[in-house]
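Participant: There's a structure below that I have some questions on.
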Amino acid sequence: MSQNVPSFAELLDGAHRSAVHLEMRDSYGVAAEADALARWRATGEVDDDPESPYWAPWTRLIRRTVDRGVIVRRARIVSEPVSDYIRYEHAGTVVNVAAGEDVRWLPRRRASDLCLPGNDFWLIDGRLIRWNHFTGDGASAPGEISEDPAAARLCAEAFEAVWQRAIPHDEYKIS
């Protein structure tokens, strides 16, 4: 079944109160990140300029969302020791935070007793889910939208449970 999945800009521009994002993979193979990830692997340098061509579309979207009073939170469940990808992601998260996202990290071993959805997601205003699907090697696959109240409740409860246990970005240290 084909589904019209709104862009992230459309989703966040439509948010009134909250936008939460739960990430649960230790590695992503998203094509748009390939060059930046390769540069980080080769040099240890990460693009941390919120106005760079890579980041600017996202940071502007987050800023205008937060400026409207929408709370944007992101939680990441990670295995430890962390993967190289998570090291890269952690290094770049300063940009997410500078744009207005509140970001926390939860070591996977502290999530064992939580009921979690099977996929990463965005939950908008506690009712609209954008499921993020990925292939086995972490490449983006077509997303999916749901307004199923039971699924939205699961996502909201799972996110809040993770959030309560998770470590704020500025306190989560990768060794």
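Participant: Only one of these is over 16 Å from the mean Cα position of the chain (by Cα) and within 24 Å of A161 (Cα to Cα): E89, E80. Name it.
Facilitator: Unique residue meeting the criteria: E80.
Participant: For region 76-119, enumerate the residues that are within 21 Å of D47 (Cα to Cα), touching a helix residue (DSSP H, G or I) at 6+ places or on another chain (Cβ under 6 Å) and among the hydrophobic types (A, V, I, L, M, F, W, C).
Facilitator: Across region 76-119, the qualifying residues are V97, A99, V103.
Residue-by-condition table, conditions (1) hydrophobic (A, V, I, L, M, F, W, C); (2) under 23 Å from R63 (Cβ atoms); (3) at pLDDT below 95; (4) in contact with a strand residue (DSSP E or B) (Cβ under 9 Å, 6 or more places away or on another chain):
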{"residue": "I77", "(1), (2), (3), (4)": "yes, no, no, yes"}
{"residue": "S83", "(1), (2), (3), (4)": "no, no, no, no"}
{"residue": "E101", "(1), (2), (3), (4)": "no, yes, no, yes"}
{"residue": "R108", "(1), (2), (3), (4)": "no, no, no, yes"}
{"residue": "S112", "(1), (2), (3), (4)": "no, no, no, no"}
{"residue": "D125", "(1), (2), (3), (4)": "no, yes, no, yes"}
{"residue": "R130", "(1), (2), (3), (4)": "no, yes, no, yes"}
{"residue": "T135", "(1), (2), (3), (4)": "no, no, yes, yes"}
{"residue": "A152", "(1), (2), (3), (4)": "yes, no, no, yes"}
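Residue-by-condition table, conditions (1) surrounded by 20 or more Cβ atoms within 10 Å (Cβ to Cβ); (2) at pLDDT 95 or above:
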{"position": "R25", "(1), (2)": "no, yes"}
{"position": "G29", "(1), (2)": "no, no"}
{"position": "E33", "(1), (2)": "no, no"}
{"position": "N96", "(1), (2)": "yes, yes"}
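Participant: Here's a follow-up. Give the residue that is nearest to I124 (Cα to Cα), with candidates limited to residues of region 164-175 that are assigned to a helix (DSSP H, G or I) and free of Cβ contacts under 8 Å to residues at least 40 places away in the same chain.
Facilitator: Going through the qualifying residues, I end up with Q164.
Participant: Could you check region 120-163 and list, in sequence order, the residues that are assigned to a loop (DSSP other than H, G, I, E, B), touching a residue at least 40 places away in the same chain (Cβ under 8 Å) and not hydrophobic (A, V, I, L, M, F, W, C)?
Facilitator: D125, G126, T135, D137, G138
Participant: If you don't mind, there's one more thing I want to ask. Would you say S79 is small (G, A, S) and touching a residue at least 40 places away in the same chain (Cβ under 8 Å)?
Facilitator: In short, yes.
One line per residue, one yes/no per condition, for (1) at negative phi; (2) of a type in the set (A, V, I, L, M):
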site	(1), (2)
V70	yes, yes
R76	yes, no
S79	yes, no
V82	yes, yes
G92	yes, no
G100	no, no
R108	yes, no
A111	yes, yes
F121	yes, no
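Participant: Let me ask another. Out of the residues in region 17-52 that are of a type in the set (D, E, K, R) and in contact (Cβ under 8 Å) with a residue 24 or more places away in the chain, which is nearest to A166 (Cα to Cα)?
Facilitator: In this case the residue turns out to be E23.
The values are calculated or read from the model by the stated rules, or taken from the named source; none is laboratory data. Only a predicted model underlies this, so the values are computations on that prediction, with no experimental measurement involved. No Cβ is skipped: glycine too gets one built from the backbone with ideal geometry, and neighbour counts run over all protein chains shown.
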